[in-house]
Amino acid sequence: MKHALIIDTEAEKKEILNRYKSLLRACKSTLQKGDKKEIRKAFELAVECHKDMRRKSGEPYIYHPIAVAQIAAEEIGLGTTSIVCALLHDVVEDTDITLEDIEREFGKKTAKIIDGLTKIAGVFDTNSSLQAENFRKMLLTLADDVRVIIIKLADRLHNMRTMDFMPGHKQLKIASETIYLYAPLAHRLGLYAIKSELEDLSMKYLEPETYKLIANNLNEKKAERTLFVKDFISPINEILKEQGLSASVFGRPKSIHSIWNKMKSKNIPFEEVYDLFAIRVVLDSHSDQEKADCWKAYSIVTDLYRPNPDRLRDWISSPKGNGYESLHTTVMGPRGQWVEVQIRTQRMNEIAEKGFAAHWKYKESNNDNGLDLWIQNVREMLSNPESNALDFLDDFKMNLFSDEIFIFTPKGALLQLPLGATALDFAFEIHTDVGAKCIGAKVNQKLVPLATKLQNGDQVEIITSSKQAPKEDWLNIVVTSKAKSKIKSSLKEEKRKIAEIGKEILERKLKSLKITYNTENLEKIAYYFKLQATQDLFVAVANAKIELKDLKEFLNDENALDTNNPKIQEEFVAQKSKSGEKDVLLIGEDMQLIDYNLAKCCNPIPGDDVFGFTTINDGIKIHRTNCPNATQLMANYGYRMVKAKWNSDQQLTFLTNLHIIGIDAVGLINNITQVISNDFKVNMRSITVETEDGIFDGMISIYIKDTNHLENLIKNLLEVNGVTSVTRYDG
Ligand code: MN
């Protein structure tokens with residue numbers, strides 16, 4: 001059946017004007033002199049540019065930019081520049097208007113933000129590495145102007161709200177991106193309301209059945225809940241009033257997505273989820289009374305209802321990194337059920353709901369360091385030329401989800417670190433030099449080793465010594481990416497310096513022995529002394545582990561210089577295997593001292609049978625013994641092989657690829673990623689999916705511990721409804 005579209009242009013014009021008026025009402029509170037004119041100008045330009053365009057629903061396209069501007073103003077609280085940018089966010093990309101036009105009409109700032117918005121428009125393409133690179137670019141704009149990201153979130157929110165008209169496969173793709181990146185981003189920026197809505201909307205498309213089930217259940221119990229909330233809050237209201245505190249107390253339903261998370265993580269049916277809502281006490285406090293008032297309210301609530309001592313969270317004394325402030329407690333309600341109560345002031349509430357933008361409004365308050373710090377961290381990570389885009393994305397996502405701890409310096413300043421951070425991490429957080437020279441720490445006045453894990457609230461003093469230098473095993477101690485990369489580069493630099501010295505010494509010694517100094521001879525000498533690479537040879541010479549007499553020995557071994565002699569090759573291999581353990585390269589250890597990589601052609605993971613192969617310029621490459629290249633390598637360059645085995649105590653993960661084929665069904669991608677991320681806690685690097693004629697064909701790159709881990713994962717993936725085959729593949 002075809003759907004006829006009847007367009008009444010007069011009615012549409014009226015409707016456009018109505019929507020514009022409603023937008024103006026939403027930004028009324030922030031409007032200053034001249035602002036209204038700017039917004040009007042942007043509105044008129046957008047109307048003109050999009051006049052012949054329509055959305056998938058058949059509606060005039062201009063409804064979309066107006067709605068995005070409305071979200072920016074009303075739900076996030078952004079000001080005039082952002083409203084103008086939101087109205088114009090699609091014009092450069094979709095019409096003939098250029099950035100120069102925008103700059104001429106609206107100024108540099110606006111042009112720059114729109115440039116950012118246009119550039120990140122193609123962020124999510126099908127190619128996974130491109131996607132990561134673009135995402136990195138998108139975050140780079142954070143450094144310029146965080147409003148680019150916030151307007152992008154508003155744009156995404158409106159698209160999600162109006163997604164019913166999209167074809168099914170697009171809905172799935174957009175919803176997946178939203179849950180994978182946009183919702184965490186909103187969370188990190190403190191936009192809780194938007195984050196929750198994005199999550200709920202994604203779920204509506206990714207898991208429509210469950211979504212409907214929970215929504216219906218919630219609806220059924222609504223009357224009962226309202227009554228309960230009324231009974232619960234009326235004594236609180238009474239006593240608050242008696243004590244002279246002005247506040248509004250109300251029940252807030254939890255999002256469908258968070259209820260679903262709870263059902264999954266606790267493995268319980270809907271009926272057993274007790275906290276379907278939280279009680280919120282929002283106090284109308286004077287700015288210097290905020291903390292005292294919140295604790296007063298806490299005391300009132302917990303006098304009425306018995307609190308669970310394990311469930312008090314004080315984010316007022318130490319706000320979260322994204323600026324969130326609140327007191328949370330869980331108390332026993334009158335009907336014997338736990339109820340979460342959130343206590344905060346109006347200012348805190350606004351920051352919690354509208355996030356970053358509200359910070360600007362309350363700039364005089366002193367709690368906006370968290371976000372600045374985060375942006376600074378992102379900027380630092382991005383400016384590191386060694387980090388590749390995909391690693392960055394993983395680090396970034398890890399940082400998004402990891403918990404934070406707060407550590408005091410001796411002078412009482414507060415630093416923020418990820419959960420699990422050690423004294424050494426803290427030292428590097430203070431300054432690279434403090435980290436590099438760190439020999440110990442005092443935690444709460446007690447002397448402790450570098451590797452000590454810090455607890456929230458610890459006060460830490462770092463002890464340094466000018467004789468100290470970073471050690472290789474420090475890499476096992478630290479967790480922050482900052483400390484890791486500083487230690488790595490310092491170790492590399494140190495080794496390079498020593499090798500430089502050794503190289504000069506060796507050159508002189510070879511000259512005196514009349515051995516030509518060239519790559520070929522250097523490699524032969526390195527093999528003779530059972531060293532993996534010429535750089536190791538230089539280091540050994542510098543450390544006087546190889547001296548003139550050893551080189552003479554080498555020279556006297558008449559066949560040593562002839563690696564083509566099959567007898568020598570045999571001996572070399574025999575010698576290597578005789579000396580046993582020592583010659584075995586332990587993968588996972590020595591990562592920085594010996595230059596080795598996992599071969600890209602076969603992506604070995606722990607548990608695979610492997611061998612090392614010494615390359616001329618690229619250190620040692622680890623291949624699987626059943627790698628297609630292995631036979632050729634072993635056949636032609638047997639003497640270059642190095643025994644290798646996996647170090648089983650290492651907690652490293654390795655990249656591998658899975659090819660999944662199945663019958664496409666609603667929620668299939670989600671079920672697969674559910675098994676990978678939630679059940680197996682495996683990190684995904686990328687996922688590419690094609691669907692044709694109902695057949696699902698997916699390539700997934702994941703970080704896996706070992707072959708056992710992989711086999712179990714494959715077994716579980718095969719149990720997902722619709723999946724018919726799962727195979728590991730290379731490259
Ligand atoms: Mn848009």
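The values are calculated or read from the model by the stated rules, or taken from the named source; none is laboratory data. Note that the coordinates shown come from a computational prediction; the quantities given were computed from them, not determined experimentally. No Cβ is skipped: glycine too gets one built from the backbone with ideal geometry, and neighbour counts run over all protein chains shown. Just so you know, the surface numbers come from the protein's heavy atoms only, side chains and all, with ligands and any DNA or RNA stripped out. Shrake-Rupley method; radii C 1.70, N 1.55, O 1.52, S 1.80 Å.
Computed on protein heavy atoms with a 1.4 Å probe, the accessible areas place Leu24, Leu283 in the order Leu24, Leu283, largest first.
For Ile233, the solvent-accessible surface with a 1.4 Å probe is about 20 Å², rounded to the nearest 10.
Set the Förster radius R0 to 22 Å, insert the Cβ-Cβ distance between Asp303 and Lys222 as r into 1/(1 + (r/R0)^6), and round the FRET efficiency to 0.05. That gives a FRET efficiency of 0.15.
In this label model, Leu213 and Asn721 are separated by 0.9 nm, measuring between points 7 Å along each Cα→Cβ vector.
Here are some pairs, Lys21/Lys254; Lys230/Lys291; Lys13/Lys354; which of them have Cα atoms lying more than 28 Å apart in this structure? Exceeds cut-off: Lys21/Lys254; Lys13/Lys354.
Model label points for Leu17 and Asn521, set 7 angstrom from Cα along the Cα-to-Cβ axis, are 9.2 nm apart.
Length gain on complete extension for the stretch Asp550 to Ile463, per 0.36 nm per residue less the alpha carbon to alpha carbon distance?
27.1 nm is the gain from fully extending Asp550 to Ile463.
What the Cα atoms of the range 219-362 give is an Rg and a Dmax of 15.5, 45 Å. At 7 Å along Cα-to-Cβ for each site, give me the label-to-label distance between Ala292 and Asp679 in nm. Using points 7 Å along Cα→Cβ, the separation is 5.6 nm.
Peptides 480-491, 27-38, 420-431 ranked from most to least packed give 420-431, 480-491, 27-38, packing being the mean of other C-beta atoms within 10 angstrom over each peptide's residues.
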